[in-house]
Amino acid sequence: LFTAVEMAPRDPILGLNEQFNADPNPAKVNLGVGVYFDDNGKLPLLKCVQEAEKQLVDAAKPRGYLPIDGIAAYDKAVQGLVFGTDSAIVSEGRVATVQAVGGTGGLKIGADFLKRLNPNATVLISDPSWENHRALFQNAGFKVDTYPYYDAAKRGVNFDGMIAALNGAPAGTVVVLHACCHNPTGYDITPAQWDQVVAAVKSRNLVAFLDMAYQGFGEGIKEDGAVIEKFVAAGLDFFVSTSFSKSFSLYGERVGGLSVACASKDDATRVLSQLKIVIRTNYSNPPTHGAQIVATVLTTPALRAMWEEELAGMRVRIKQMRTALQDKLKAAGVKQDMSFITLQKGMFSYTGLSVEQMQRLRGEFGVYGVDSGRICVAALNSKNIDAVVAAIAKVS
Ligand code: PLP
Ligand code: TYF
């Protein structure tokens, strides 16, 4: 049965992790995978999470099956975060939200539902995009193409190319958009450019699928979610996937969601019923623990305040690392203009370094980034930054 099974390629980013773990170099630094580490290089366990977990353990609740769409209080909290608790679309019941197995699970539920709804649509992802977008939508049965995004020469977004691609896309095309903190480049579009994207989606009858994996890592929870309001204000039906992997440092708990913004409560009710079929036929119902932590934190004012502060702490530390990286590279004699580092948002920086330079960083200095030139700024800290800067200066 299995003799003809071909060896599948490794995920380029997760594969890099394996290579890092196997490297005996004691000075090695992992800037590959998109994970936030604190200044001691440790994966944080947030205080708000520990506090919520204590409460949950003390309550010693039995573990029955959750509803197919997850914990109701969790879904409501996700809606509040994404659309605003007081928004009309939420109070009118026009959003269908389900708990999902991470942000990836949210994308996959949405992709499977869209495939039933719109089977011949093409999916457009940014060029470049998160490694998994293409494979996920392809495996859901879609043809996946790209819209221009990164302009290497300009060190920024090729917005003219992006908007032209959207304006040239046939009706029904699904457009996957990074709501904030673009992965892998770190370059976001401006609010005025978002207005143009919303207008193109509307006039061309496209389907927007917003991937929000880094809410709170750019400028703030509300600021990073502002783009959602623009799609709502335009009266569009659209999809939003949410991930709490990074913002709660709950990677392995797989906590995420999918929200579908609808024109009416009646639409939302029918959409929800279909999302539940997708879930039921995939994994029946979601796991309890992670979502219960997030629901507890988001609905308990003191814990929520604690979370917002801890999230702000992560955001501020990343920004400090960006400034330090930029300044130190200059001080180390790197001639190129590195001011783009502090213009980028979120966990990643496209450094503009070539494949050869990235490979030298890895081979000669044990500094692991992705071949594309992407480094995870959230893995820099006051102890490893000088070694990273010295290595980059040597290959520049
Ligand atoms: N979307 C983007 C853009 C990401 O960078 C990630 C990162 O992991 C995800 C989705 C998936 O999130 P999760 O780990 O919650 O599945
Ligand atoms: O881009 C990253 O590094 C993160 C983590 O298949 C990740 O989003 C990478 C690859 C993958 C799943 C998660």
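The values are calculated or read from the model by the stated rules, or taken from the named source; none is laboratory data. As the structure is a prediction and not an experimental result, all values here were calculated from the model. Cβ: placed from backbone, ideal geometry, glycine included. Neighbour counts: every protein chain shown.
The single condition from (1) within 25 Å of CYS180 (Cβ to Cβ); (2) at pLDDT 95 or above that GLU92 fails is (1). Within segment 232-288, which residues are free of Cβ contacts under 8 Å to residues at least 40 places away in the same chain and either not charged (D, E, K, R) or not assigned by TED's automatic domain parsing to the domain that holds VAL95 (or both)? If the condition is that a residue be free of Cβ contacts under 8 Å to residues at least 40 places away in the same chain and either not charged (D, E, K, R) or not assigned by TED's automatic domain parsing to the domain that holds VAL95 (or both), then ALA233, ALA234, GLY235, LEU236, PHE238, GLY252, SER273, ILE277, THR281 are the ones that fit.
Report yes if ALA59 is among the aliphatic types (A, V, I, L, M) and exposed (fewer than 15 other Cβ atoms within 10 Å of the Cβ), otherwise no. Here the answer is yes, as ALA59 does meet what is asked. Residue count for segment 140-181, restricted to those that are of a type outside the set (Phe, Trp, Tyr), more than 26 Å from THR342 (Cβ to Cβ) and in contact (Cβ under 8 Å) with a residue 24 or more places away in the chain: 13. Would you point out the residue of segment 1-22, among those that are among the charged types (D, E, K, R) and modelled with pLDDT under 95, that is nearest to SER243 (Cα to Cα)? My answer is ASP11.
Residue-level check: of (1) more than 24 Å from MET306 (Cα to Cα); (2) more than 22 Å from the chain's Cα centre (by Cα); (3) free of Cβ contacts under 8 Å to residues at least 24 places away in the same chain, VAL57 misses just (1).
For segment 244-289, the set of residues classified as within 16 Å of ligand 2 (Cβ to nearest atom) and either modelled with pLDDT under 95 or within 17 Å of PHE83 (Cβ to Cβ) (or both) consists of PHE244, SER247, GLY256, listed by residue number.
Quick check on GLN138: is it of a type outside the set (A, V, I, L, M, F, W, C), in contact with a helix residue (DSSP H, G or I) (Cβ under 9 Å, 6 or more places away or on another chain) and over 24 Å from GLY32 (Cα atoms)? Criteria not met by GLN138. In segment 67-83, the residues that are modelled with pLDDT of 95 or more form Cβ pairs under 9 Å with partners that are basic (Lys, Arg), at six or more places apart or across chains, as follows: PRO67/LYS276; ILE68/LYS276; ILE68/ARG280; ASP69/LYS276.
Of all residues in segment 258-284, those satisfying the criterion of being of a type outside the set (A, V, I, L, M, F, W, C) and touching a helix residue (DSSP H, G or I) at 6+ places or on another chain (Cβ under 7 Å) are SER259, GLN274. Scan segment 248-263 for residues that are polar (S, T, N, Q) and either away from ligand 1 (no atom under 14 Å from the Cβ) or more than 21 Å from GLY313 (Cα to Cα) (or both) and the total you get is 1. The residue pairs whose first member lies in segment 361-376 and is under 14 Å from GLY15 (Cβ atoms), whose second member is among the polar types (S, T, N, Q), and whose beta carbons are closer than 6 Å, counting only pairs six or more residues apart or on different chains, are TYR368/ASN30. Within segment 322-341, count every residue that is surrounded by 17 or more Cβ atoms within 10 Å (Cβ to Cβ) and assigned to a helix (DSSP H, G or I). Final tally of qualifying residues: 8.
Within segment 208-222, the set of residues being surrounded by fewer than 22 Cβ atoms within 10 Å (Cβ to Cβ) and either touching a strand residue (DSSP E or B) at 6+ places or on another chain (Cβ under 8 Å) or not charged (D, E, K, R) (or both) comprises GLY220, ILE221. When VAL90, VAL49 are screened for being within 16 Å of ligand 1 (Cβ to nearest atom), part of a helix (DSSP H, G or I), surrounded by 12 or more Cβ atoms within 10 Å (Cβ to Cβ) and not charged (D, E, K, R), only VAL49 passes.
Here the condition is being away from ligand 2 (no atom under 16 Å from the Cβ) and closer than 29 Å to GLY346 by Cα; of ASP39, ASP11, ASP58, it holds for ASP39 alone. Looking only at segment 352-363, decide whether some residue is touching a Ser or Thr at 6+ places or on another chain (Cβ under 7 Å) and outside the structural domain of TYR150 (by TED's automatic domain parsing). No: segment 352-363 contains no residue that is touching a Ser or Thr at 6+ places or on another chain (Cβ under 7 Å) and outside the structural domain of TYR150 (by TED's automatic domain parsing). Counting residues in segment 254-274 that are in contact with a Phe, Trp or Tyr (Cβ under 7 Å, 6 or more places away or on another chain) and more than 18 Å from ALA213 (Cα to Cα) gives one or more. Of the numbered criteria (1) more than 16 Å from ligand 2 (Cβ to nearest atom); (2) of a type outside the set (Asp, Glu); (3) touching a Cys at 6+ places or on another chain (Cβ under 8 Å), the one GLY218 fails is (1). Residues of segment 59-82 that are in a loop (DSSP other than H, G, I, E, B) and within 13 Å of VAL255 (Cβ to Cβ): LEU66, GLY70, ILE71. The residue that is surrounded by the fewest Cβ atoms within 10 Å (Cβ to Cβ), among those in segment 98-156 that are within 12 Å of ligand 2 (Cβ to nearest atom) and more than 23 Å from GLY70 (Cα to Cα), is ALA135. The set of residues in segment 143-162 being assigned to a helix (DSSP H, G or I) and of a type in the set (A, V, I, L, M) consists of MET162 alone.
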